Every structure is written in C-alpha cells, then in structure tokens.
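Below: one structure, written as structure tokens.
The values are calculated or read from the model by the stated rules, or taken from the named source; none is laboratory data. Given the structure is predicted, the values throughout are model-derived calculations rather than measurements. Note: ideal-geometry Cβ built from the backbone for every residue, glycine included; neighbour counts use all protein chains shown. Ligands, DNA and RNA are stripped out before the accessible areas are found, and what is left, the full protein with its side chains, is counted by its heavy atoms. Shrake-Rupley method; radii C 1.70, N 1.55, O 1.52, S 1.80 Å.
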Amino acid sequence: MGLIENPKTYTGRDLETIFFRPMFSGENAEQLGIRMLYNMPVPTTIQMWSPKSDILQEYESGWRGGTSSLHQQKTIELHKVKAEVGFSASDYFQQVYELIVGRADVNLDDLTGTELEQAETEMFRAAIAESIRATMWIGDTSAEAYNKFDGFLVKLLTNTDAVHVDMSDVTPQRSTALDIFSNLWLAAPPQLKAMKGDGNLAFLVTSDIYDAYEQYLDSCGSDAAYNDLNSGRRELSYHGIKIVDMGISHLLPTTNIPNKPIAMLTDRRNLVLAVNTADYPGSEVRMWYNPDEMQNRQRAIFMVGCEVLDESLVVCADF
C-alpha cells in the first residue's frame, strides 16, 4: 500500500473535539505561556471587572454601594484564515506511515482506516498549531511571512502604555540573565506585582536569555544543579515566576521585530489567543487525494486572533 485515498472532513462538533481543542487545552495550552479562548462568541469580547479595594462599610440601613465596580472591555479581532498543505502521494504516505510504525500496539500487516486517519490528523494538527503559535508571537501584517495578523510582540514592543526598561548595556550571559529578570521585576507596577500570588506571572523570553539562565543554574554548586545538568529541567523559574521560552529566535528578524534578545514580564492571563471554528460559515478541516496531480492535500478554515488586554501590565526590556 503506497497511497492514502480516503477523504476525511471534520465539521461542527467533530472539528472542535477531534481536531482543534486538543491543540489548545491541557498541557499544550500551558506550554504556550498565554491565555487561550476557544469558540467564544464572535465578536470575542473580554469583560474586565475591577471592584473597589475597600468595600467594607459601617452597618446601617440603606444602600451605599454606589458604582463600586470599574468595568472595562476589550474586543479581540478575529481573522478568517485557511491553512493548506500539499504532498506528493508517495511522500505523504511515508510521513503518515512513519507516525504509525513507532507505536507498539499497531499491526503493520493490517492497518485500518482509523489508524491512518489518526496519523493524518496528528500531522496536520501539529503543522497548524506551530503556525498559530509562531504568528501569535511574531505576527506582523507588514512582513512577508506570518503576516495574517499582528502578534503580541508587534503590539507591545513599540507600545507606549507598556513599561519599558532600558537594558541596552546588558547582554544575556549567565549571571546577567539574573539582572534582566531582576530589573523587570523592579520596574513592574504595583498592580502587576500584586498578582504574583495568583501564580500566573511569567517572564517571556527569547532562547538566548533562557539558555543563559539555564547555564547559570548549571554552574551553581549544589546536588540539585548537578542532577538537573544530567537529567535536564522541565521548566525554569525565577523567584517562583515561570520563565517561558517563546521559541521564536530562529524566525527573527521580521519587518518590525529585530533579531535581538527579547524579555517581558506580565500576567499570562493578560495575553489572549482566541480561535473560533463555530461562528464562521465554512469552517472545516478536509484531507483528500487529488488523482490528477497524484497529490494528497490538507485544508483547514477557521478564525484566529490575539490581543493584549492591558498594556500597562507588561514590562518590556529594551536591549
């Protein structure tokens, strides 16, 4: 067998449960270091309520609550996009087959359509997830690639509402990685520092800063450092704040994002990625074989967008 000819189409509930939701839930969403919204009503509007900090009053009859809650809202602009990939029939079969042969529970002499479909789905899902992830960070509508919508960095690096810290004399070499995190924390507004107890603060960094900090930890003379040097670390943190490698260094520069160290501190709930497959007519995932071109093709149609809810709660390092 060297061809995969059965067409597959996901729409409606199957599109959500089989294809998209596994990309943006659980550990997958946790690793992104941001807040994920899936299939929220369009237009996707985030409501932010902030009650007064001191609402206790003397007990007496009558209403004295007034308008104690401050209300803000922000709309996430969703963009209609499609993802399309084509493979020669022989290359496509080899890639799908390779995903199957690594499983110990598969009878290679009797491959069913279900197993092939799962492998096809996983291959296309991984490609879409990576494209969304990269665009979420470095999306730039004026660039030649990853240009379907502006990502977090374009929205933040030149935003005057964000807190900017001058670090032009700092390079991310081992101990100076500590200076980067320390300076970002010191410059953080009190409202952001007060959120630390919620456990959602994160340093968002490029790989050079992440690697420099890990090398610093390796150099610490302790049994824990030795064990981590041998077995690796699942994640890094600084004073209890998680450090997230945005994984974008190999994609820089873009039109508006230079190829240089990038570091930010914010609450992960402040950066929102929204994906919608429910409110756009024609949303679907299709995989089919084109006999005229002897080509396997994959297509997904959906809506996606990202937004920073409050720029003043972001601290950016200016290198």
Working only within segment 151-191, note down all residues that are in contact with a helix residue (DSSP H, G or I) (Cβ under 9 Å, 6 or more places away or on another chain), free of Cβ contacts under 8 Å to residues at least 40 places away in the same chain and open to solvent by 20 Å² or more (accessible area, probe 1.4 Å). Thr160, Gln173, Thr176
Within segment 66-91, of all residues that are outside any strand (DSSP E or B) and loosely packed, with under 11 Cβ neighbours inside 10 Å, the one modelled with the highest pLDDT is Gly66
Where a residue in segment 1-25 is closer than 11 Å to Arg125 by Cβ and its partner, wherever it lies, is in a loop (DSSP other than H, G, I, E, B), with Cβ under 6 Å and at least six apart: Phe20/Thr277
Are any residues in segment 1-53 in contact with a helix residue (DSSP H, G or I) (Cβ under 7 Å, 6 or more places away or on another chain), open to solvent by 70 Å² or more (accessible area, probe 1.4 Å) and modelled with pLDDT of 85 or more, and if so, which ones? Arg35
If the requirement is being under 26 Å from Arg35 (Cα atoms) and assigned to a loop (DSSP other than H, G, I, E, B), which of these qualifies: Asp169, Asp161? Asp161
Would segment 92-100 turn up any residue that is part of a strand (DSSP E or B), at pLDDT 70 or above and more than 17 Å from Arg269 (Cβ to Cβ)? no
